[in-house]
Amino acid sequence: MKINLLYLFLKEYYLARRVNRFKSIEQIKQYQEEKVRLHLSKIVPLSPFYQKRFEQHSFSEWRKLPLMDKSIMMKSFDELNTVGIKKKEAFEVALASEESRDFSPKLEDVTVGLSSGTSGNRGLFLVSQEEQVRWAGNILGKVIPTSLFFGKKQTIAFFLRANSNLYNSVNNPKIAFHFFDLLDEIENHIDRLNRYQPTIVVAPSSKLRILAQAKKEGKLSIQPLKIVSVAEALNAEDKLEIEEVFQQKVHQIYQCTEGFLAYTCPHGTLHVNEDLVIIEKEYLDKQAGKFVPVITDFTRTSQPIIRYRLNDVLTEGETCTCGSHFMTLKQIDGRCDDLFYGKRIKDEGVRILFSDFIRRAIISSSDVSLEYKVKQLTFDHINVELSLPDINERKQVQMTIKGNFEQFFKEMECVLPTISFSTYQAPPRGIKIRRVERCFQIEGGIV
């Protein structure tokens with residue numbers, strides 16, 4: 001590693017291990033504003049897209065910029081990025097890597113990758129070598145439980161749909177990184193895990209649940225020091241089952257194409273990385289603390305993220321006892337696309353129905369852990385997929401679920417839709433699991 005990159009890594013690692021250096025929320029906000037303005041002074045001259053956006057605004061007025069989302073970012077890809085990479089050639093490299101499963105090729109020393117496209121729209125991301133080093137310093141500083149210099153060597157098993165130079169950048173004499181392809185067979189995963197005996201396992205919650213089942217059956221013999229859920233919303237029922245089997249807390253990393261957004265502290269609370277990003281809240285229900293995050297990342301240079309509206313729904317958390325003043329999140333609810341809509345009885349208007357209430361109607365129907373998926377097919381029809389081989393048990397659970405939905409829609413003062421049932425169909429390997437999914441759009445949308 002070059003001297004300047006080594007210095008950057010050490011600096012980022014040192015600061016990441018000391019997030020409690022901020023003594024107040026006011027100090028964090030002042031730090032963020034200074035970082036954003038400095039960041040803009042560097043990236044705007046290199047990005048025609050942002051030059052145009054700032055024609056009528058000074059850098060101190062950055063919060064007045066119009067919002068951006070994935071569709072705008074992809075449409076303006078060539079003008080937005082600061083490294084001169086064209087969307088066509090980036091897609092060619094990224095798609096070739098997906099097909100060959102060789103994720104090492106770069107474009108002009110910049111890593112190119114595809115987002116998983118949970119909402120149906122695949123996005124491109126660019127990460128420079130400097131950004132890789134910065135990311136590695138932050139991930140290792142905030143997620144690895146022991147010191148990188150004085151602690152024991154850590155072996156990380158990382159389950160993802162696609163590998164990346166970004167993830168391999170964490171490799172060093174004290175870290176052994178092993179990529180586990182989600183498209184591979186579970187038997188191969190179990191065999192490799194038993195051989196490597198990882199101290200840290202990072203995987204989507206659905207994969208962690210499968211590993212927990214393998215451990216219960218005596219097929220998996222690992223005893224990791226830390227388990228981290230990524231890429232999918234971590235549901236309460238999955239979290240409980242995984243924790244019971246592995247006898248430890250399940251931590252989370254909230255990361256997406258748009259950046260490293262949040263991590264779980266040693267006290268088990270999900271904290272936003274406010275030393276890297278600013279989150280503005282677009283409230284859906286302020287009383288319930290439900291909001292859509294608008295992200296400004298003041299560390300991303302090759303593909304700047306300024307006032308980017310994510311397609312996620314988050315729930316505010318409470319102050320954490322760990323001492324950090326960083327914003328907390330109670331949970332990551334899921335995608336905006338998967339909010340259910342209900343027809344109000346009094347005026348036939350539309351009401352948002354949050355996914356945690358939908359999940360609760362299912363998981364409270366049985367004492368056993370259920371495999372399920374709930375689809376809102378239309379305003380008037382919800383289908384519940386269940387995996388219950390016993391006919392009598394299935395009938396009882398279905399009756400309870402119907403009763404739960406009746407009660408819920410009554411409380412929401414919404415028209416009760418038809419509730420139908422079918423057999424649970426697990427998603428293909430490599431596809432993120434979505435326990436709650438809305439299968440239609442309404443013109444104009446609510447969110």
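Please tell me if residue 86 is assigned by TED's automatic domain parsing to the domain that holds residue 133, touching an Asp or Glu at 6+ places or on another chain (Cβ under 6 Å), closer than 30 Å to residue 181 by Cβ and modelled with pLDDT of 85 or more.
Details: assigned by TED's automatic domain parsing to the domain that holds residue 133: yes; touching an Asp or Glu at 6+ places or on another chain (Cβ under 6 Å): yes; closer than 30 Å to residue 181 by Cβ: yes; modelled with pLDDT of 85 or more: yes.
So residue 86 fits the description; yes.
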Item to complete: Tell me, yes or no, whether region 257-274 has at least one residue that is in contact (Cβ under 8 Å) with a residue 24 or more places away in the chain, under 30 Å from residue 350 (Cα atoms) and part of a strand (DSSP E or B).
Response: no
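Output the strands (runs of 3 or more DSSP E) that fall wholly within region 296-389 and possess 2 or more residues being over 30 Å from residue 134 (Cα atoms) and either aromatic (Phe, Trp, Tyr) or not assigned by TED's automatic domain parsing to the domain that holds residue 258 (or both), or say none.
Details: elements: 305-309, 312-316, 328-335, 340-343, 350-353, 372-378, 381-386.
Passing ranges, in order: 340-343, 350-353, 372-378, 381-386.
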Discussion item. Restricting to region 281-313, and then to whatever is of a type outside the set (Lys, Arg) and farther than 27 Å from residue 80 by Cα, can you tell me which residue is surrounded by the fewest Cβ atoms within 10 Å (Cβ to Cβ)?
Written reply: 287
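Between 270, 276, which is touching a helix residue (DSSP H, G or I) at 6+ places or on another chain (Cβ under 7 Å) and buried (at least 19 other Cβ atoms within 10 Å of the Cβ)?
Working: 270 fails: touching a helix residue (DSSP H, G or I) at 6+ places or on another chain (Cβ under 7 Å).
Going through 270, 276 in turn, the sole match is 276.
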Discussion item. For region 372-379, check the following and say yes or no: at least one residue is without any contact (Cβ under 8 Å) to a residue 60 or more places away in the chain, touching a Ser or Thr at 6+ places or on another chain (Cβ under 9 Å), under 19 Å from residue 237 (Cβ atoms) and among the aliphatic types (A, V, I, L, M).
Written reply: no
Worksheet entry | Answer residue from region 333-349, given it is at pLDDT below 90 and among the hydrophobic types (A, V, I, L, M, F, W, C) and is surrounded by the fewest Cβ atoms within 10 Å (Cβ to Cβ) among those | 336
Discussion item. Looking only at region 30-86, filter to residues that are under 24 Å from the mean Cα position of the chain (by Cα) and without any contact (Cβ under 8 Å) to a residue 60 or more places away in the chain; which one of those is surrounded by the fewest Cβ atoms within 10 Å (Cβ to Cβ)?
Written reply: 71
Discussion item. Which of the numbered conditions does residue 434 fail, given that it passes all the others? Conditions: (1) modelled with pLDDT of 85 or more; (2) within 17 Å of residue 337 (Cα to Cα).
Written reply: (1)
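The values are calculated or read from the model by the stated rules, or taken from the named source; none is laboratory data. All figures in this text were calculated on a predicted structure; none of them were measured in a lab. Note that we place each Cβ from the backbone using ideal geometry, even for glycine, and neighbour counts take in every protein chain shown.
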